Amino acid sequence: MNQKITNQMISETITRFRQKFTKIKQERAINLCNRYLAAIKKQVSRHLVYARQSVILNFSLHEADRDSGTFNHNNIRYSVWKEFQSLLQIVVVWQKGSNLTNQISQVRIDEQYLDLLIETMDSQEIQNSWWGSNWNITDLSMIPVDIAGLEHYARQCERLLQQSGHPQYIARVRQNLRIIRQVLVVVNGYNGCWPHLSKNSPYGRNYYVGLSLHNCPKEVRHAALGHHYSYDLDAACYAVRLLLIEDIFAKANSDTLGLYTNTKDYLTYKAAIRRRLAQHIQHYPDGERLVKEALNAIGFGAKLQSGSWLTANGTREYSAISDIIRNSEDRERFMTDPWVIEFTREQEEMITIISEYYLTDDAFAEHLRTIPNMTNNRGTIKPNQVMAYLYQHMETQIIQHLTEDLDVVVTIHDGYITNQRYSLLDLRVKLREISPYLDISVEEHIPFRTETDDELEHQEFIRQEEARVARLAGKPVHRPQTRYWPRIRAFDGNNQ
């Protein structure tokens, strides 16, 4: 949005505000308007990374009203939020939340307003939106980032937005750019480090509060970390599930021989199984990726006939098989595949057996009741949540076992990132000490640079050198005339 036009709109808003509240002076009116804008910025910065659509995002109307505060006029108290919303409606309620269901509101904010709100935020505003106002710098973990990589990626995003593309892709690029701009503002104030504030989840994982390397888009994460190696446990939820189920069978002097064969096959032949199932995906070019996401969703409780599932951290995610495989014909072929049907049945059976076994421990069951989202409305402990709790605690122990002697930049749930490469053979030996089903993979990421960026930097260097030499000589910059020679065809043996 044009800055001049925006300032004019705000000026007109303040004028109308003072026409209604005649005793409030100009400076006071500006301060109240800034409080209104600051409340919006806080919600935008906090929730933007989770937005599915670039202009629709979660937004706490209650917090915005509270943070905007109130003012008095003629001995009557007014809400800053309500008054300025009626004059300058930046936030449009898309779906109002409910305190009864703990569902936050969803709002729509115009693209141009979003850009302006983000571009005018300072480092303190951004950090307070991430962590609140009650944080201490000594509690922060400082993770060095590749500022040049972030700036290069930001420039690429800007160029991509000038091109035509699929609306969903363009929306993702635009969101990534807005996230990068916030990160750059903060890291520039911490000598090139991205500050992270950690929080332990009762489910067993360590989370970072606010925008972090955990929840930012992977493109942003790779650009931020420069040259690095990302290690990930392969299909860890299934390996841990088999580990737990075999332990239960062993305590009953039995084994799983002949049972859960599809799950065991998947852990052994993941690539081949995904390639076969990807043949069902005929309307998208990345069938294997969609199959992997769909199977992961099943691993965390997605039903083939369901529209949502409970994620590993105990929240309900409204994006299941139907959102992963959007084409109905592709989805039907995938969901009716006999292997998929049996694989899903195996997961449901293992989750039931594991949860029932651990809930026989009364002390453990009582502890689980203190965990958020662990019970349904009737107070019954949910099997999927028991599985999530057990999985995340074991996942954390596995990662700690793997990385105890490694120099790790950051751990990310079932993986971690390092600046140097470690032997996969050694890591796999350590995993086999825990379970034969556990495996790990590594991917190298080079610093984010583009050819266009390098060319621009080189051209800028040449321009500066030419200007420096010209200043020393006391002459204008020399711009030589060039002549273009006709292109000569390469000799291919047929030229006469």
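Data for the structure
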{"quantity": "Selection status of Pro338, crowded, with 17+ Cβ neighbours inside 10 Å, without any contact (Cβ under 8 Å) to a residue 60 or more places away in the chain and not β-branched (Val, Ile, Thr)", "calculated": "no"}
{"quantity": "Which numbered condition Asn313 misses (of (1) at pLDDT 95 or above; (2) among the polar types (S, T, N, Q); (3) open to solvent by less than 60 Å² (accessible area, probe 1.4 Å); (4) not in a helix (DSSP H, G or I))", "calculated": "(1)"}
{"quantity": "Candidates Val209, Val185, Val173, Val145, filtered to the one that is modelled with pLDDT of 90 or more and within 27 Å of Tyr391 (Cα to Cα)", "calculated": "Val209"}
{"quantity": "Hey, Ser86 free of Cβ contacts under 8 Å to residues at least 40 places away in the same chain and either crowded, with 20+ Cβ neighbours inside 10 Å or of a type in the set (Gly, Ala, Ser) (or both) or not", "calculated": "yes"}
{"quantity": "Residues that are touching a residue at least 40 places away in the same chain (Cβ under 8 Å), surrounded by 17 or more Cβ atoms within 10 Å (Cβ to Cβ) and not in a loop (DSSP other than H, G, I, E, B), drawn from the range 367-398", "calculated": "Asn384, Gln385, Met387, Ala388, Tyr389, Leu390, Tyr391, Gln392, Met394, Glu395, Thr396, Ile398"}
{"quantity": "Helices (runs of 4 or more DSSP H) fully within the range 155-257 counting 1 or more residues that are within 29 Å of Leu424 (Cβ to Cβ) and basic (Lys, Arg)", "calculated": "218-225, 236-251"}
{"quantity": "Filtered residue count, the range 62-79, keeping only those that are hydrophobic (A, V, I, L, M, F, W, C) and either at pLDDT below 95 or farther than 22 Å from Gln127 by Cα (or both)", "calculated": "2"}
{"quantity": "Cβ pairs under 6 Å, 6+ apart, first in the range 215-238 and under 18 Å from Asp407 (Cβ atoms), second at pLDDT 95 or above and acidic (Asp, Glu)", "calculated": "Gly226/Asp146; Tyr229/Glu444; Ser230/Glu443"}
{"quantity": "Residue that is farthest from Glu433 (Cα to Cα), among those in the range 200-258 that are of a type in the set (Lys, Arg) and surrounded by 16 or more Cβ atoms within 10 Å (Cβ to Cβ)", "calculated": "Arg221"}
{"quantity": "Cross-chain or 6+ apart pairs with Cβ under 7 Å, the range 31-53 first and over 12 Å from Val91 (Cβ atoms), then open to solvent by 80 Å² or more (accessible area, probe 1.4 Å) and among the small types (Gly, Ala, Ser)", "calculated": "none"}
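Yes/no matrix, rows are residues, columns are (1) open to solvent by 100 Å² or more (accessible area, probe 1.4 Å); (2) modelled with pLDDT under 95:
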{"residue": "Tyr422", "(1), (2)": "no, no"}
{"residue": "Tyr437", "(1), (2)": "no, yes"}
{"residue": "Glu443", "(1), (2)": "yes, no"}
{"residue": "Gly474", "(1), (2)": "no, yes"}
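The values are calculated or read from the model by the stated rules, or taken from the named source; none is laboratory data. Bear in mind the structure is a predicted one, so any value in this text is a computation, not a measurement. Positions of Cβ are generated from backbone atoms using ideal geometry, with glycine treated the same way; all protein chains shown enter the neighbour counts. The area values use the complete protein model at the heavy-atom level, side chains included, leaving out ligands, DNA and RNA. Shrake-Rupley method; radii C 1.70, N 1.55, O 1.52, S 1.80 Å.
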